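The values are calculated or read from the model by the stated rules, or taken from the named source; none is laboratory data. If you're wondering where the values come from, they're calculated on a predicted model, not measured in any experiment. Quick reminder, even Gly has a Cβ in these numbers, built from the backbone with ideal geometry, and neighbours come from all protein chains shown.
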């Protein structure tokens, strides 16, 4: 794939600067910060969080947002309304797993409420029926050459 | 979102009233997801785009992120840091239910990535170009092994089906229960119906297992 800020081999050095130069080196579509610097080199700590996990700022978190900076602050700010981890990653141009790790931190700090789908949802009969009904109910005329 | 704010669920047992004006008291919807898989260029992203309520988004993810159990990046071999682009879209089915559609990166070398995205998915739609059937083998094998409900959908480019569905089914050698259908990735209704086929298959299995 294309060149990327990524490919971090070693955990971030202390002086690396977690905010990085905003428009500095490697300012292509990805962050100039190497992905795992902002997590102090941690990866996979929150690998259990599915990509569709919903995160939303808590009132407490918004109230004390001044305590946060950079990516952590941006995540809380972006989550005034619930978003999936995948959407947060896109919005903030962060690596998905960086978002996972930071969301875990922010949950621990009570800045974010993290709603993980219950295990077993995928084979839940009621859920499947609701999704089927929901899909059937969507109007299919818009922008489509139509079907029904 | 829409209605008047009410106090947030006090997940953290602290008073929230002070901030309710600034915090939309939005209870997150139940997020569910489906996977749209298949070889390169078969129309996965097109299919996602046809039904998504947002322009499909692309996020960059890498295989390192799913090297679970490894908590030190320096221990992760180079080859596992390949960056892959993952497309996804979503559909709000009702205020309490949101369906995410993830297009898995095309090739089999992204096995780990697939696990990361497919875990917990309701089911998968394997998109096939019947002129290049081989391309979908990794996806079919993957979902069979994982035991995840899936359907094979032959994309009828320009309304043309180069091979009859029966021939495709035979070539893929999937069990009878696996639906093999044709669809048009550009057509919203067609993609929607294909997803319903996957879900009905998943539902039948869930009912049988209940």
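Among the residues of the stretch A:52-64, is any assigned to a strand (DSSP E or B), farther than 20 Å from residue B:58 by Cβ and without any contact (Cβ under 8 Å) to a residue 60 or more places away in the chain? Yes, the stretch A:52-64 contains at least one residue that is assigned to a strand (DSSP E or B), farther than 20 Å from residue B:58 by Cβ and without any contact (Cβ under 8 Å) to a residue 60 or more places away in the chain.
Within the stretch A:106-115, the residues that satisfy the criterion of being surrounded by fewer than 18 Cβ atoms within 10 Å (Cβ to Cβ) and either at the interface with chain B (Cβ under 7 Å from one of its Cβ atoms) or touching a residue at least 12 places away in the same chain (Cβ under 8 Å) (or both) are A:109, A:110.
Sub-9 Å Cβ pairs linking a first residue in the stretch B:93-117 that is at pLDDT below 90 to a second residue that is in a helix (DSSP H, G or I) and surrounded by fewer than 14 Cβ atoms within 10 Å (Cβ to Cβ), at least 6 apart or interchain, are B:108/B:141, ordered by first then second residue. Please tell me if residue B:154 is under 20 Å from the mean Cα position of the chain (by Cα) and modelled with pLDDT of 90 or more. Here the answer is yes, as residue B:154 does meet what is asked. For residue A:93, the criteria (1) within 27 Å of residue B:46 (Cβ to Cβ); (2) outside any helix (DSSP H, G or I); (3) without any contact (Cβ under 8 Å) to a residue 24 or more places away in the chain hold in every case but one, which is (3). Note on the stretch A:75-84: residues that are free of Cβ contacts under 8 Å to residues at least 24 places away in the same chain and under 11 Å from the mean Cα position of the chain (by Cα) amount to 1.
All conditions in (1) more than 7 Å from every other protein chain (Cβ to nearest Cβ); (2) outside any loop (DSSP other than H, G, I, E, B); (3) modelled with pLDDT under 95 hold for residue A:119, with the sole exception of (2). Quick one: is residue B:132 in a helix (DSSP H, G or I) and in contact with a strand residue (DSSP E or B) (Cβ under 7 Å, 6 or more places away or on another chain)? Here the answer is no, as residue B:132 does not meet what is asked. Summed over the stretch B:167-189, residues that are part of a helix (DSSP H, G or I), touching a residue at least 40 places away in the same chain (Cβ under 8 Å) and within 9 Å of chain A (Cβ to nearest Cβ) total 1.
The residue of the stretch A:51-67 that is farthest from the other protein chains (Cβ to nearest Cβ), among those that are out of contact with any helix residue (DSSP H, G or I) (no Cβ under 6 Å at 6 or more places or on another chain) and closer than 27 Å to residue B:86 by Cβ, is A:56. For the stretch B:190-207, the set of residues classified as closer than 20 Å to residue A:138 by Cβ and at the interface with chain A (Cβ under 8 Å from one of its Cβ atoms) consists of B:190, B:192, B:193, B:195, B:196, B:199, B:200, B:202, B:203, listed by residue number.
Take residue A:87 and decide whether it is facing chain B (nearest Cβ under 9 Å), under 12 Å from the mean Cα position of the chain (by Cα) and crowded, with 24+ Cβ neighbours inside 10 Å. No.
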